[in-house]
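Here is the structure we will look at, set down as structure tokens.
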Amino acid sequence: MTNEATTIAPQPPRAGAPPATWLRALMVGVALTLPALWVTVDTAVAYAGGWRFSSRFDQAGAIAALVWLLAVVVACLVPASRKRLAGKLPQLLALSISVCAVWVAAELVLGPVVERIDNPLLWRPGLTLINHPLPGVMRDVGDESRVRTNSWGMRGSDPPP
């Protein structure tokens, strides 16, 4: 009797099936591009709805998102960085999901606040405010003061036609 060790030859990969490293690299790429893609799509939808860049900060944010997308594409194409990023997939997914969740929360919470304070010099048209100063706090101030806004939302009477 002879004890021969049997060896199993490795199976060649199936034709057309992507290697596991490419699949993992694709998942890493999706995880990394999700926040930047979210910002880019949000900006494009807002721009299509009539929003325009009001400051250089807005433009810088949109450009940064596009540069981020380009950097991720390059990082996924370079084999050394692709291999390094593939080992950090769970952390990258957690980062990506949390950034997107914070973005949604900021949009939902800060959107109405920013609209209310967008132009603090304009008030609701036809508004009448009556201020009653506290005597112990504001000495030498009259009994009450009235503030009225015109049809444009500015203090004062209506402008001439």
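No lab work stands behind these numbers, since they all come straight from the coordinates. It should be emphasised that the depicted structure is a prediction, and the values quoted were computed from it without experimental measurement. Note: ideal-geometry Cβ built from the backbone for every residue, glycine included; neighbour counts use all protein chains shown.
Which whole number of Å³ per residue matches the convex hull of the alpha-carbon atoms in the range 52-95?
Spread over its residues, the Cα hull of the range 52-95 gives 80 Å³ apiece.
For the range 50-152, I need the span (max minus min coordinate) of the C-alpha atoms along each principal axis, in Å, sorted largest to smallest.
76, 33, 21
Under a Cβ-Cβ cut-off of 13 Å, what is the net charge of the residues other than residue 65 that fall near it, where Lys and Arg count +1 and Asp and Glu count -1?
-2
If each residue of separation counts as 0.36 nm, what is the full-extension length gain between residue 73 and residue 104 once their alpha-carbon separation is subtracted?
Taking 0.36 nm per residue and subtracting the Cα distance, the gain is 8.7 nm.
Tell me the chymotrypsin sites (Phe, Trp or Tyr not before Pro) within the range 54-161 that lie in a loop according to DSSP and have at most 16 other beta-carbon atoms within 10 Å.
Sites meeting the loop and neighbour criteria: 152.
Rounded, prolate or oblate: pick one for the range 65-117, where a ≥ b ≥ c are the square roots of the eigenvalues of its C-alpha gyration tensor, a/c under 1.5 means rounded, and failing that, prolate if a/b is larger than b/c, else oblate.
Note, shape of the range 65-117 comes out oblate.
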